[in-house]
1. Name the single residue, out of those in region 165-178 being at pLDDT below 85 and assigned to a loop (DSSP other than H, G, I, E, B), that is nearest to the chain's Cα centre (by Cα).
2. Take the residues in region 234-249 that are in contact with a helix residue (DSSP H, G or I) (Cβ under 6 Å, 6 or more places away or on another chain) and surrounded by fewer than 22 Cβ atoms within 10 Å (Cβ to Cβ), then tell me which one is farthest from residue 5 (Cα to Cα).
3. Please give the strands (runs of 3 or more DSSP E) falling wholly within region 97-155 in which 1 or more residues are free of Cβ contacts under 8 Å to residues at least 40 places away in the same chain.
4. Would it be correct to say that residue 258 is at pLDDT below 95, closer than 23 Å to residue 41 by Cα and surrounded by 14 or more Cβ atoms within 10 Å (Cβ to Cβ)?
5. With the requirement that a residue be in a helix (DSSP H, G or I) and closer than 17 Å to residue 105 by Cβ, what does region 184-213 give you?
6. What about residue 30, is it assigned by TED's automatic domain parsing to the domain that holds residue 206, under 20 Å from residue 175 (Cβ atoms), surrounded by 14 or more Cβ atoms within 10 Å (Cβ to Cβ) and modelled with pLDDT under 95?
């Protein structure tokens, strides 16, 4: 266990603690948000209205001292309304590019399935490459950059379902769910004296998050764990109830999510158990079932139960795990 991993875990615990004080949601939801942040991934929040999706996005932005912008999707929303537009200036007799809301750190795309396919596709380049191309010029987005897109899984009138290519760009699909009676009382108590987000203070800086992201990417993963991930993904392509299995992008996302958990836990050790923990939220939206009556989560849990789990790393393993280097990773909250 390296010093960098231990320090990172402590910083992330501080962030997790503040988010838990600002939000009333499952502990797993906060953990999944942290994983996506650490993996430079984008989140698809699928829930009914009023369950705190916007509050979640704002709480993350304020806790990290990052810029936050929101786009409310409607059928008449144009791609330029998200990416930006070039305007002609008489004084200079030239065009100047005016950046759209995508040029931010945390972008909330509310009800993404209400935007037309043309507008939805405008986000593809930004989410996959971190750039925007307009008038044959490529503009880099800020770092870190995270898209939190929401969609209502119940109301489908006037919506445009996200195509598989767009869904595959999302690192995870997360559902906050309805609160318990006890949690609902806590929601009212938090809001009794005004907006709880007004009490949010920066816990980490954006540049520290970038260093944490690099640390996660540098974490070694044993070959047997990679083989296990590949076996799980292959099983999604061969399962009788799945019409379209997960792509190699799903394999990469599963590996990265396991790496992020190892840093959050402070162990620095990527195990099959960590892979299992995130298999459903990382993969469920990447598969197509043969019947609409089937439940993706249930099918994926069947796969986890069926695929043999390799021995835990460090127990009779012939492969060596290199230590995580802390060089260049001086982490601090300030």
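1. 176
2. Going through the qualifying residues, I end up with 241.
3. Fully inside region 97-155 and qualifying: 131-134, 137-140.
4. Against the criterion (at pLDDT below 95, closer than 23 Å to residue 41 by Cα and surrounded by 14 or more Cβ atoms within 10 Å (Cβ to Cβ)), residue 258 does not qualify.
5. Correct list: 197, 206, 207, 208, 209, 210, 211, 212, 213.
6. Answer is yes for this residue.
A quick yes/no check of all residues on (1) under 20 Å from the mean Cα position of the chain (by Cα); (2) buried (at least 19 other Cβ atoms within 10 Å of the Cβ); (3) at positive phi; (4) at pLDDT below 90:
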| position | (1), (2), (3), (4) |
| --- | --- |
| 163 | yes, no, no, yes |
| 188 | no, no, no, no |
| 196 | no, no, no, yes |
| 225 | no, yes, no, no |
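The values are calculated or read from the model by the stated rules, or taken from the named source; none is laboratory data. Just so it is clear, the model here is predicted, and its values are computed rather than measured. Neighbour counts run over all protein chains shown; Cβ positions are idealised from the backbone, glycine included.
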